[in-house]
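Asks: Structure below; questions to follow.
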Amino acid sequence: MPLYDYTCPRCGRFSAFRSMAMHDQPQPCPECGTESPKALTGPRFISGGALSGAGQGYRHMGGCGCCPTPTGA
């Protein structure tokens, strides 16, 4: 499933796995729950266990495995 970027007006950019059919629909922000529009970027795909674009300031949904777990989570 592709990973798309969304922009929360309160918290900034985050990423979410979405089906191609649903990628244009707003996605709730994982931090505050605000419905957020898709950022004007293309999808990213997992290839060989690595996430293209990871480590470039994006936050992924919980359990992605590539982001450090916040303290106290």
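So that you can scan it fast, the table gives a plain yes or no per residue for (1) outside any strand (DSSP E or B); (2) hydrophobic (A, V, I, L, M, F, W, C); (3) touching a helix residue (DSSP H, G or I) at 6+ places or on another chain (Cβ under 7 Å):
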{"site": "1", "(1), (2), (3)": "yes, yes, no"}
{"site": "5", "(1), (2), (3)": "no, no, no"}
{"site": "15", "(1), (2), (3)": "no, no, no"}
{"site": "21", "(1), (2), (3)": "yes, yes, no"}
{"site": "24", "(1), (2), (3)": "yes, no, no"}
{"site": "30", "(1), (2), (3)": "yes, no, no"}
{"site": "40", "(1), (2), (3)": "yes, yes, no"}
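Asks: Here's something else I'd like to know. Given the structure, is residue 6 aromatic (Phe, Trp, Tyr), surrounded by 16 or more Cβ atoms within 10 Å (Cβ to Cβ) and either in contact with a Leu (Cβ under 7 Å, 6 or more places away or on another chain) or at pLDDT 55 or above (or both)? It would help to see each step written out before you state the result.
Replies: On the way: aromatic (Phe, Trp, Tyr): yes; surrounded by 16 or more Cβ atoms within 10 Å (Cβ to Cβ): yes; either in contact with a Leu (Cβ under 7 Å, 6 or more places away or on another chain) or at pLDDT 55 or above (or both): yes.
Here the answer is yes, as residue 6 does meet what is asked.
Asks: Identify, please: which residue in segment 13-23 is surrounded by 14 or more Cβ atoms within 10 Å (Cβ to Cβ) and either in contact with a Lys or Arg (Cβ under 8 Å, 6 or more places away or on another chain) or of a type in the set (A, V, I, L, M, F, W, C) (or both) and is, among those, farthest from residue 35 (Cα to Cα)?
Replies: Here the residue is 17.
Asks: Identify, please: which residue in segment 46-61 is surrounded by 11 or more Cβ atoms within 10 Å (Cβ to Cβ) and assigned to a loop (DSSP other than H, G, I, E, B) and is, among those, modelled with the lowest pLDDT?
Replies: 54
Asks: Moving on. Being more than 11 Å from the chain's Cα centre (by Cα) and among the small types (Gly, Ala, Ser) is the filter; apply it to segment 15-35 and report the residue that is farthest from residue 1 (Cα to Cα).
Replies: Looking at residues that are more than 11 Å from the chain's Cα centre (by Cα) and among the small types (Gly, Ala, Ser), I get 33.
The values are calculated or read from the model by the stated rules, or taken from the named source; none is laboratory data. Being a predicted model, the structure only gives us computed values, none of them experimental. Neighbour counts are summed over all protein chains in view; Cβ atoms, including those assigned to glycine, are modelled from backbone coordinates with ideal geometry.
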